[in-house]
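What follows is a single structure, written as structure tokens, with notes after it.
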Amino acid sequence: MEFTKHINFYELYHWAGFSKLVPDPIWGNKKIAEMYLQKYWLPEQEYLSVWKPIQDKIFVQGKNLPDLIYHSIFDMMALKGGCLFLEEDFKQLQRTMQEVEEEYFVIIQHSQDFTEGEPMFRMKFPVNITWEELTSGNYISAVLLEMSYNNYLVFGSKGNWGKYSANDFENPVDIIGFKPELAHIFQKYFSQPKEEQEEIREWLPQEYKELIK
């Protein structure tokens with residue numbers, strides 16, 4: 001199985017104490033972790049043949065902040081980050097995905113210097129998944145959703161939007177990219193107070209400041 005290393009590596013993860021979803025006393029249930037990965041793991045063959053070409057139309061291959069990570073046809077907005085999803089921001093994105101009529105979304109982990117040797121996540125979920133189900137994988141879903149230093153790409157099959165979760169950046173941010181015709185949808189579900197917009201904008205590299213108004 002492609003995810004065997006995940007099951008074994010994260011069972012005794014030395015950073016396990018970060019989790020609010022799975023406290024120490026119940027961390028390490030391998031049966032639950034394996035069942036979760038059997039349901040939601042994205043096989044390499046499907047990733048390469050179906051999802052990687054979509055990814056490369058949205059994100060500039062191999063780039064991380066401070067570089068521009070979206071192709072120039074995409075508009076962007078910036079949000080406070082820190083982990084892949086909290087319940088509220090997942091539900092905001094879920095409502096957005098439903099409105100743009102996505103059926104599935106994928107999560108692809110970006111490797112970083114400190115993750116060398118760690119197994120990388122590659123997951124596929126139905127858009128209508130509940131928060132309870134998304135978080136039901138014991139230590140696997142805890143690491144995926146809560147680990148505060150991991151970077152991820154999130155996108156659907158339409159190829160017209162994406163989320164870059166830059167949790168390892170100096171000030172953790174989520175950069176959401178979308179084609180201009182979807183701007184009203186993303187602005188509706190991810191509205192921000194002006195003060196928060198200005199605060200986040202100060203965190204961004206100069207190229208982003210010029211593009212995110």
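The values are calculated or read from the model by the stated rules, or taken from the named source; none is laboratory data. Here the structure is a predicted model, which means the values were calculated and not measured. Note: ideal-geometry Cβ built from the backbone for every residue, glycine included; neighbour counts use all protein chains shown. Ligands, DNA and RNA are excluded from the accessible area calculation, which covers all protein heavy atoms including side chains. Shrake-Rupley method; radii C 1.70, N 1.55, O 1.52, S 1.80 Å.
At-a-glance table
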{"read-out": "Residue list for the range 172-213, filter: in a loop (DSSP other than H, G, I, E, B), at pLDDT below 95 and in contact with a strand residue (DSSP E or B) (Cβ under 8 Å, 6 or more places away or on another chain)", "value": "Pro172, Phe190, Gln192, Leu204, Ile212"}
{"read-out": "Any hit, the range 141-149, residues being at pLDDT below 90, within 25 Å of Leu42 (Cβ to Cβ), surrounded by 15 or more Cβ atoms within 10 Å (Cβ to Cβ) and not hydroxyl-bearing (Ser, Thr, Tyr)", "value": "yes"}
{"read-out": "Residue in the range 120-134 that is modelled with the lowest pLDDT, counting only those that are hydrophobic (A, V, I, L, M, F, W, C) and out of contact with any Phe, Trp or Tyr (no Cβ under 8 Å at 6 or more places or on another chain)", "value": "Met120"}
{"read-out": "Filter result for Leu12 (open to solvent by 50 Å² or more (accessible area, probe 1.4 Å), touching a helix residue (DSSP H, G or I) at 6+ places or on another chain (Cβ under 6 Å) and not hydroxyl-bearing (Ser, Thr, Tyr))", "value": "no"}
{"read-out": "Criterion: modelled with pLDDT of 95 or more and either open to solvent by 50 Å² or more (accessible area, probe 1.4 Å) or over 25 Å from Phe190 (Cβ atoms) (or both) - qualifying residue of Gly117, Gly137", "value": "Gly137"}
